[in-house]
Amino acid sequence: LDFAYHGGIYRDVWLIAKNKVAITDALEENKVAGGGIFVHYANISEKSAEVFGNTEIRNNDTKARTITVENSFVSSAAIPSQRTKLKLHPGETKTVTQRFLVKTPKLWSPETPYLYQVATRIKEGKQSLDGGMTRIGIRSFEFVRTDDAQGRMPGFYLNGKKYHQLVGANRHQDFAYVGNALPNSQQWRDAKRLRDAGFTIIRTAHYPQDPSFMDACDELGLFVIVPTPGWQ
């Protein structure tokens, strides 16, 4: 197999200017389940779900700074916003964990791929220093290998119920005439075609996928199996 792909920039590129006090970059931090903004869950059911937001902030200033970390669910007034005040010394990094209780959550599934939006803001007084938007799908999934104490049969369980419709395909990012340089619209159209064909799960190839394709899978209701980058 030929994994000698051509180089060059063929996806979106951003240059981001940051304040001296800002949210860290998850890739630069290289921490397991850490760095940047990390959302995770517990006790998910149709009645309620716990949502935890970890926000890591670094102070690159030469003086101490007192800031407030604010997280809120957009368009979900029933879920109170969370605010945490903290002091950061020069060069110091801290992670703030905030908990939300979501009652009667709209659980993500291929049939109902509902996505919540969580807005993060780092403030110093009334001034906003940094922030961003994270889209999340609240869902639980589990593979049951053998009959268990709960009387469940072997299989794949989504949101506590056995899910039978894991029908999938493999997908590469290249396309006629443009090679790997697919625009975001083509990435989304590929996901839409696969979903319209009745698929609910996609196995991607051995290279990092375009974020626009992953976003499309979230929006359209597609599970994704991501192989490790590289080959052998």
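The values are calculated or read from the model by the stated rules, or taken from the named source; none is laboratory data. Since the structure is predicted, the reported quantities are computational estimates derived from the model, not experimental observations. Cβ atoms come from the backbone with ideal geometry, glycine included; neighbour counts cover every protein chain shown. Accessible surface areas use protein heavy atoms only, side chains included; no ligands, DNA or RNA. Shrake-Rupley method; radii C 1.70, N 1.55, O 1.52, S 1.80 Å.
Residues that are under 30 Å from Ala77 (Cα atoms) and touching a Leu at 6+ places or on another chain (Cβ under 7 Å) occur at least once in the range 141-163.
Where residues in the range 49-68 are assigned to a strand (DSSP E or B) and over 20 Å from the mean Cα position of the chain (by Cα), which of them is surrounded by the fewest Cβ atoms within 10 Å (Cβ to Cβ)? Across the range 49-68, the extreme among qualifying residues is Thr66.
If I ask for residues that are charged (D, E, K, R) and either closer than 13 Å to Phe213 by Cα or not in a helix (DSSP H, G or I) (or both), which ones from the range 165-202 would you list?
Answer for the range 165-202, where residues must be charged (D, E, K, R) and either closer than 13 Å to Phe213 by Cα or not in a helix (DSSP H, G or I) (or both): Arg171, Asp174, Arg189, Asp190, Lys192, Arg193, Arg195.
Identification of strands (runs of 3 or more DSSP E) wholly contained in the range 87-148 with 1 or more residues that are farther than 26 Å from Glu28 by Cβ, among the hydrophobic types (A, V, I, L, M, F, W, C) and at pLDDT 95 or above yields 93-103. Taking the criterion of being out of contact with any strand residue (DSSP E or B) (no Cβ under 9 Å at 6 or more places or on another chain) and open to solvent by 50 Å² or more (accessible area, probe 1.4 Å), the residues of the range 98-144 that qualify are Glu111, Thr112, Tyr114, Lys126, Gln127. Of the set (1) touching a strand residue (DSSP E or B) at 6+ places or on another chain (Cβ under 8 Å); (2) part of a helix (DSSP H, G or I), all apply to Phe213 but (1).
Of the set (1) farther than 28 Å from Ser48 by Cβ; (2) of a type in the set (A, V, I, L, M, F, W, C); (3) open to solvent by 50 Å² or more (accessible area, probe 1.4 Å), all apply to Leu166 but (1). Within the bounds of the range 25-48, is there any residue that is polar (S, T, N, Q), open to solvent by less than 100 Å² (accessible area, probe 1.4 Å) and in a strand (DSSP E or B)? Scanning the range 25-48, I find at least one residue that is polar (S, T, N, Q), open to solvent by less than 100 Å² (accessible area, probe 1.4 Å) and in a strand (DSSP E or B), so the answer is yes. Summed over the range 75-98, the residues that are within 16 Å of Val21 (Cβ to Cβ) and among the small types (Gly, Ala, Ser) give a count of 1.
Scanning the range 153-163 for residues that are part of a loop (DSSP other than H, G, I, E, B), open to solvent by less than 40 Å² (accessible area, probe 1.4 Å) and on the phi < 0 side of the Ramachandran plot turns up just one, Tyr163. Taking the range 69-87 as the range and being open to solvent by less than 40 Å² (accessible area, probe 1.4 Å) and either under 25 Å from the mean Cα position of the chain (by Cα) or farther than 27 Å from Val32 by Cβ (or both) as the test, the residues that pass are Val69, Glu70, Asn71, Ser72, Phe73, Ser76, Ile79.
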